[in-house]
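Structure first, commentary second.
The values are calculated or read from the model by the stated rules, or taken from the named source; none is laboratory data. From a predicted model like this one, the values you see are computed outputs, not experimental measurements. Cβ sites come from the backbone with ideal geometry, for glycine too, and all protein chains shown count toward neighbours. Ligands, DNA and RNA are stripped out before the accessible areas are found, and what is left, the full protein with its side chains, is counted by its heavy atoms. Shrake-Rupley method; radii C 1.70, N 1.55, O 1.52, S 1.80 Å.
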Amino acid sequence: MRQPVEANQLELGKPLPWDVYDTQNNLLLRKGYVITRESQLQVLAARGIFVDSPFLRGSNTARRIEPSSYDAFRVWDYILDELDALLRNVRVEPDFQRQLLGLARLVQQLAERSPDGALAAMILTDQRRYPIIHSLHTAVLCELVARRLEWQAERRTSLACAAMTMNLAMVELQQLLCSQRRAPSPEQRREIQRHPSLGEEMLRGAGITDETWLAAVRDHHERVGGGGYPFGITAPGEEARLIQTADIFSAKVSPRAARAPVTSAEAARSLFIDSGNEPNVFAAALVKEIGIFPPGTCVALANGETGIVHSRGKLANAPMVISLASSTGLSYGQPLRRDTSNKEFEIRAVVPRDKMRFRIRPEQLWR
């Protein structure tokens, strides 16, 4: 029988005294492994930490952990911090593959336990670490769509790993391009063109042997029928095509120095236009999964109220909204839940977040 322990009972810089497992009995870390970052402890805490109870007999460190509500935004931040460290230190990071697999399973858990919270985090969380955030956005979208398409868990794990590492070879350049107001230089374009194949090479160097993962990273900018890069192949795999779809959607709804983000509806529309004569089944599945107004979208209602989309509804254009202010602009002391399939509460417009005149506390709305 295994016993739960808390993250603060594990010490940074010291070898683990036991093998560590998660709530599904997956081995996370072997005895003797040295945890070097606080974010690693946070990721472990989010997954649940269990050790074999005989090691803890007679110790006061093992005590029952009471279940708490699932904090999607806290888990999001944990994944983001750890992914940042892994991608920036892939060449020297010990046990890179095991750690990435752990993050992929955490993405799957997030999408299963709080899909609306995960979508809201995409819209509402800070965008300053764009290269890392964008990869996490793409991984979450891929996981949600793959679940809708009933892909098996193992396949979804490879998909999430590929999405999180798709831009491994251009993290620094991507950060620069995010704030750059001019078009990419010829040298930057060359780096963009070669980042998928270089990313595959870097992953192989880090010990990755999962060919599904590797092919998805290498081919996520290839196009059906040709015209993509780096090799111009005509039949990229489904994983690569799904990553490409989620990648484009996420990029369009995220702000840049040179342009404002577009709405989710506009981004979805462009996916179908860009597909040309080739039907994009992944774009259709993505729109059905997240809706026209994903959680986290700020909206104005037919009755004059202003609020934020809380959860998806049965119809793509009729989510549940939390109204935060009246038609006169006064904040409600207690937010009101509105079903926008009701004509009185129909969504009339998307409101840019910077135009909202009251503070949004996402960690309280998605618990």
Leaving out ligands and nucleic acids, and using a 1.4 Å probe, what accessible area per residue does the chain come to in Å²? 48 Å²
Looking at this model, which pairs from Lys252/Lys314; Lys252/Lys355; Lys252/Lys343 are more than 22 angstrom apart at the alpha-carbon? Lys252/Lys314; Lys252/Lys343
Provide, for q = 0.12, 0.17, 0.20 Å⁻¹, the log10 of I(q)/I(0) from a solvent-free Debye sum over equal Cα point scatterers in region 306-367. -0.28, -0.57, -0.80
Given H placed 1.01 Å from N in the peptide plane, which residues other than close sequence neighbours of Tyr332 have an amide H under 5 Å from its amide H? Ala325, Ser326
Amide H partners (placed H, <5 Å) of His220, local residues excluded: none
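Ignoring everything except DSSP H segments at least 4 long, calculate the 222 nm mean residue ellipticity for the chain; use -39,500 (n - 2.57) per segment, divide by total residues, nearest 500.
-14500 deg cm²/dmol
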In whole Å, largest first, the alpha carbons of region 98-190 cover along the principal axes 41, 26, 25
If each part is reduced to its alpha-carbon centroid, region 186-215 and region 1-54 end up apart, in Å, by 31 Å
Would you mind working out the magnitude of the charge dipole of the chain relative to its Cα centre, with +1 at each Lys and Arg C-beta and -1 at each Asp and Glu C-beta, to the nearest 20 Debye? 760 debye
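Give me the Å³ per residue figure for the convex hull around the C-alpha atoms of the chain.
It is 151 Å³ per residue.
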Could you look at the chain and say what percent of its accessible area is carbon and sulfur, using a 1.4 Å probe and all protein chains? 48 percent
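What is the dipole size for region 183-286, taken about its Cα centre, with +1 at each Lys and Arg Cβ and -1 at each Asp and Glu Cβ, in debye to the nearest 20?
440 debye
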Calculated from backbone phi, Karplus (6.51, -1.76, 1.60) coupling profile of region 291-300 in Hz, x at Gly/Pro: x, 6, 10, x, x, x, 6, 8, 9, 10
